[in-house]
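Peer 1: I'd like to ask you about the structure that follows.
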Amino acid sequence: MEKQLSRRSFLKSGLAAACAVSASSLPRPAAARNETSQLATLIDIRKCIGCEACVEACRESNYDKFPKPEKPFPKMYPDRVPVMDWSDKQDVRDRLTPYNWLYIQYAEAEHKGETFYLTIPRRCMHCVNPPCVKLCPWGAARRLENGISRIDSDLCLGGSKCKTVCPWKIPERQTGVGLYLDILPAFAGNGVMYKCDRCYNLVAKGELPACIEACPEDVQKIGPRDEIIREAKKIAQEIDGYIYGETENGGTNTIYISPVPFEKLNQSIEKGPGKPHLAPAEDSMEDGNNLAAAMLIAPVAGIAAAAGKFYKMTQSENQKGGDRE
Amino acid sequence: MNNAGNEAKKRSAGRYLYLLVVFFLTLTGFAQMPIFKRYYIADIPGLGWLAQFYVTHYMHYLFAIVLLAIAGYWIADYWLTKNRRGRLTVSGYVRASIVFAIIVTGALLVIRNLPDVVLSPNLIIFLDVAHLGLAVTLLAAGAICLILKKPWVL
């Protein structure tokens, strides 16, 4: 019943989102924080049994999007440029890779005298204001009006800046594929960055992302962000639980609910390359955006200084004229 | 004579401030691309910050604020004192137009970075490429004008 409700509300908002996406070719600002236009997912980790049905569904559904690198790779200069090749390790499922956009993290934690063994689906958080998108120097990463952030594999040069600026270091690189091969493969670029695109192509048709559709335990739900957050808070209140993703990095479109504090889960999970943390994350874009207001004031200050100088000059000339008279 | 001397000194200081701002905007602007680490420039002692994207992004914004203040001052000063001083030369108009276009594309990219804004992907690609291309054009125009000794104002 819960799934039916979730699916119905999703289909409604999915169609709206599809219309919004189709209209997004026009250069116009949209109310990204208008929380009804953004779709968020709710991941209730109490329900996850770690069966990896979502992982399998993700791999199947996105198979055509996975990299098909050309070998041998062109020699890159200087020598320090790392070759990142996952094409011979496509079966790896215990971390994020260009061929595995979703994996299961394991956590064991004690809380209120009880020991919890939890499994946590991990993938891109789809931030409300994603630094991977905003700071991409070529516009290869894009944020859709329905809250999905995705990397256009036809445009990405594989510089990995998106990974560096991501608080969770989500995108993963595959060398030997993409646009850089047609430009200066020896001196610029290094492949393409890959990550979860929350099945944007399915969502645009009003369908569910593959991981949600395949889950036998209804761990995930998708819906308008405001509704998802309301529901997460309600569940958290009922179970005396905890929420992750609502405020992290200024807010994300992936909301986790846990019966155990996320600090404890973060201590327990294996972290490292391709294995994101569950620690607090400050808003990465906040410092820069706070300066935007100063940019409005700056030209006014310059004009005021010039006007002040002109006024002084005129006064001085008038005075000289008066003295002569 | 003293007043004229002071005015010349102020103009010279303004010119050096403009050049300093353009230098750091170019440096931090290029640092938005992941090239300084790849090509060992960030390994030079004291230049490690060039590989820190959030630091260079913040600095780019700070120097953009100074450039906007200079632009506001120059435009107002030019219009207010145009009967007392020389007029912009053709090369001055060309460079001023390039700076103006850089400011416009930069302003739109700043707006793009705000949390409540989603621009169309094609527009973002255009802005990114145009902003970079215009910056390179300004550098080239500046170099040509320097070689040919073309002043901004006559």
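The values are calculated or read from the model by the stated rules, or taken from the named source; none is laboratory data. Predicted model, so just to flag it, every value in this text is computed and none were measured. Cβ sites come from the backbone with ideal geometry, for glycine too, and all protein chains shown count toward neighbours. Ligands, DNA and RNA are excluded from the accessible area calculation, which covers all protein heavy atoms including side chains. Shrake-Rupley method; radii C 1.70, N 1.55, O 1.52, S 1.80 Å.
Peer 1: Being assigned to a loop (DSSP other than H, G, I, E, B) and open to solvent by 20 Å² or more (accessible area, probe 1.4 Å) is the filter here, so list the residues in region A:51-77 that pass it.
Peer 2: If the condition is that a residue be assigned to a loop (DSSP other than H, G, I, E, B) and open to solvent by 20 Å² or more (accessible area, probe 1.4 Å), then A:C51, A:E52, A:K68, A:P69, A:E70, A:K71, A:P72, A:F73, A:P74, A:K75, A:Y77 are the ones that fit.
Peer 1: On to the next question. Of everything in region A:144-198 that's of a type in the set (D, E) and open to solvent by less than 20 Å² (accessible area, probe 1.4 Å), which residue is nearest to the chain's Cα centre (by Cα)? Lay out the reasoning, then the answer.
Peer 2: Of region A:144-198, the ones of a type in the set (D, E) are A:145, A:152, A:154, A:172, A:182, A:197.
If we keep only those that are open to solvent by less than 20 Å² (accessible area, probe 1.4 Å) as well, we get A:172, A:197.
Values: A:E172: 13, A:D197: 9 Å.
In this case the residue turns out to be A:D197.
Peer 1: Report yes if A:S316 is in contact (Cβ under 8 Å) with a residue 12 or more places away in the chain and of a type in the set (G, A, S), otherwise no.
Peer 2: Numbers: in contact (Cβ under 8 Å) with a residue 12 or more places away in the chain: no; of a type in the set (G, A, S): yes.
When the stated conditions are applied, A:S316 does not pass them.
Peer 1: Moving to a separate point now. Which strands (runs of 3 or more DSSP E) does region A:166-267 wholly contain that include 3 or more residues that are of a type outside the set (D, E, K, R)? First the steps, then the outcome.
Peer 2: Values: elements: A:172-174, A:192-194, A:220-224, A:242-244, A:254-258.
Where strands (runs of 3 or more DSSP E) fall fully within region A:166-267 and carry at least 3 residues being of a type outside the set (D, E, K, R), they are A:192-194, A:220-224, A:242-244, A:254-258.
Peer 1: Of all the residues that make up region A:89-114, how many are open to solvent by 60 Å² or more (accessible area, probe 1.4 Å) and over 27 Å from the mean Cα position of the chain (by Cα)? Working first, answer last.
Peer 2: Within region A:89-114, the first condition is being open to solvent by 60 Å² or more (accessible area, probe 1.4 Å), and the residues that meet it are A:89-91, A:93-94, A:106, A:108, A:110, A:112-114.
Now drop any that are not over 27 Å from the mean Cα position of the chain (by Cα), which leaves A:110, A:112-114.
Selection size over region A:89-114: 4.
Peer 1: In the list A:N249, A:N201, which residue meets the criterion of being closer than 26 Å to A:S160 by Cβ and open to solvent by 30 Å² or more (accessible area, probe 1.4 Å)?
Peer 2: The conditions single out A:N201.
Peer 1: Restricting to region A:127-161, name every residue that is within 10 Å of chain B (Cβ to nearest Cβ) and assigned to a helix (DSSP H, G or I).
Peer 2: A:P131, A:V133, A:K134, A:K161
Peer 1: Restricting region B:52-69 to residues that are facing another protein chain (nearest Cβ under 9 Å) and hydrophobic (A, V, I, L, M, F, W, C), which is most open to solvent (accessible area, probe 1.4 Å)?
Peer 2: Result: B:L62.
Peer 1: On to the next question. Any idea how many residues of region A:236-252 are over 16 Å from A:M125 (Cβ atoms) and among the β-branched types (V, I, T)?
Peer 2: The qualifying residues number 1.
Peer 1: While we're looking at this one, here's another question. Given the structure, is A:P82 loosely packed, with under 13 Cβ neighbours inside 10 Å, in a loop (DSSP other than H, G, I, E, B) and touching a residue at least 60 places away in the same chain (Cβ under 8 Å)?
Peer 2: Details: loosely packed, with under 13 Cβ neighbours inside 10 Å: yes; in a loop (DSSP other than H, G, I, E, B): yes; touching a residue at least 60 places away in the same chain (Cβ under 8 Å): yes.
Taking the combined requirement at face value, the residue satisfies it.
Peer 1: Right, another one. When residues of region A:218-245 are filtered for being open to solvent by 30 Å² or more (accessible area, probe 1.4 Å), under 16 Å from A:V260 (Cα atoms) and in contact (Cβ under 8 Å) with a residue 40 or more places away in the chain, how many remain?
Peer 2: 1
Peer 1: Taking B:T26 and the conditions (1) free of Cβ contacts under 8 Å to residues at least 40 places away in the same chain; (2) surrounded by fewer than 19 Cβ atoms within 10 Å (Cβ to Cβ); (3) not aliphatic (A, V, I, L, M), which numbered condition does it fall short on, given that it satisfies the others?
Peer 2: The failed condition is (1).
Peer 1: Out of everything in region B:70-102 that is more than 9 Å from every other protein chain (Cβ to nearest Cβ) and under 30 Å from A:M285 (Cβ atoms), what residue ends up being surrounded by the most Cβ atoms within 10 Å (Cβ to Cβ)? Step through it out loud before you land on a result.
Peer 2: Initially, region B:70-102 is screened for residues more than 9 Å from every other protein chain (Cβ to nearest Cβ), giving B:82-83, B:85-102.
Within this subset, residues satisfying the condition of being under 30 Å from A:M285 (Cβ atoms) are B:98-102.
Working: B:I98: 18, B:V99: 20, B:F100: 13, B:A101: 17, B:I102: 23.
This residue is B:I102.
Peer 1: In this structure, is A:A281 part of a loop (DSSP other than H, G, I, E, B) and within 14 Å of chain B (Cβ to nearest Cβ)?
Peer 2: Details: part of a loop (DSSP other than H, G, I, E, B): yes; within 14 Å of chain B (Cβ to nearest Cβ): yes.
Taking the combined requirement at face value, the residue satisfies it.
Peer 1: Looking for something more than 27 Å from B:L146 (Cα to Cα) and assigned to a helix (DSSP H, G or I) - is there at least one such residue anywhere in region B:7-29? I'd like the intermediate steps shown before the answer.
Peer 2: As a first pass, look at region B:7-29 and keep what is more than 27 Å from B:L146 (Cα to Cα): none.
So far as region B:7-29 goes, no, none of its residues is more than 27 Å from B:L146 (Cα to Cα) and assigned to a helix (DSSP H, G or I).
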